[in-house]
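Comments concern the structure below.
The values are calculated or read from the model by the stated rules, or taken from the named source; none is laboratory data. What you see is a predicted model, and the numbers here were worked out from it, not measured in a lab. When we count neighbours, we look across all protein chains shown, and the Cβ atoms used for this are built from the backbone with ideal geometry, even at glycine. Note: areas computed on protein heavy atoms with side chains; ligands, DNA, RNA excluded. Shrake-Rupley method; radii C 1.70, N 1.55, O 1.52, S 1.80 Å.
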Amino acid sequence: MNTPTLVYDIRQSRYLNITGRCTLRCTFCPKHHGCTEVHQYQLKLNAQPKPDDIIPLLGDLADFKEYVFCGYGEPTLNLPTLLAVAREIKSRGGRVRINTDGLGNLVHRRNILPQLTDCVDALSVSLNAQNEALYQQHCQPKLAGSWQAVNEFIRLAPQYIAKVEVSAIEGLEGVDIEACRHIVNAAGCKFKHRKLNIVG
């Protein structure tokens, strides 16, 4: 097997791969179709990285527009590493974004957003459906109440994080992009229109 990648670069961003675990089993996720690579980077992990595994790999912050927690799994499932690394980046004057499924509060059984407010500049949240039935169909959540939880998360997030984008993917059966946009705008977030099979 190829050596796992803990950090990888796309355009002017450095991506941080801090967990292989996930709260969803999305039908459109490449890893469920035998692919563990993004842009030629091997992202499958054998263990949960610690802060000391990631921090030495940050590089020169001046070289990157932002640092993005996004890899093979859901970053908030390795919250201690996420927080420690994000705070280190902010202490050096860098910019931090998290790509998330918005289920961190459900998993941790508390509101984690107050912990993110001082070390995260932006959130990119995946919604991917305009109703619970389609969310269940396409995202296949492992936890009960996930649809309600992600909607509550996007309503709360703008109170804590300056920039919150919420996405839906064009090309998923039954998904109404404009209905998703309406949900996102009503929550006070910015909508991001993505297209199926285009990553990064």
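Within the stretch 83-108, which residues have the backbone N less than 14 Å from the label spot 7 Å out from ASP53 along Cα→beta-carbon, could you tell me? Counting backbone N atoms under 14 Å from the label point, the list is 85. Proximity of backbone amide H atoms, modeled 1.01 Å from N, is registered between LEU123 and ILE98, LYS163, VAL164, GLU165 at under 5 Å, excluding neighbours fewer than 5 places apart on the same chain. Charged neighbours of VAL96, selected by a Cβ distance under 13 Å, balance to +4 (K, R count +1; D, E count -1). This model, with +1 at the C-beta of Lys and Arg and -1 at the C-beta of Asp and Glu, gives the stretch 71-200 a dipole about its Cα centre of some 480 debye.
By DSSP, the beta bridges lying fully in the chain are antiparallel in about 20 percent of cases.
Near SER126: Cβ cut-off under 11 Å, other residues only, Lys/Arg at +1 and Asp/Glu at -1. The net charge is -1. Note: relative contact order over the chain, using C-alpha pairs below 8 Å and six or more positions apart, is 19 percent. Only lysines eight or more places from LYS190 in sequence, or on another chain, were considered; those with a Cα closer than 26 Å are LYS65, LYS90, LYS163.
The HN-Hα couplings worked out from phi for the stretch 161-173 by the Karplus form 6.51 cos²θ - 1.76 cosθ + 1.60 (θ = phi - 60°) are 10, 5, 10, 10, 9, 10, 10, 9, 10, 6, x, 8, 3 Hz, whole numbers, x standing for Gly and Pro.
Within the stretch 69-106, which residues have the backbone N less than 16 Å from the label spot 7 Å out from LYS163 along Cα→beta-carbon, could you tell me? Zone members listed by number: 69-70, 90, 93-100. Per residue, the stretch 5-156 exposes 44 Å² of solvent-accessible protein surface, assessed with a 1.4 angstrom probe and all protein chains in place. Each Lys or Arg adds one and each Asp or Glu subtracts one; over the other residues with Cβ under 10 Å from the Cβ of GLN12, this totals 0. Overall, the anisotropy analysis places the stretch 64-200 in the prolate class: the square-rooted eigenvalues a ≥ b ≥ c of its C-alpha gyration tensor yield a/c not less than 1.5, with a/b exceeding b/c.
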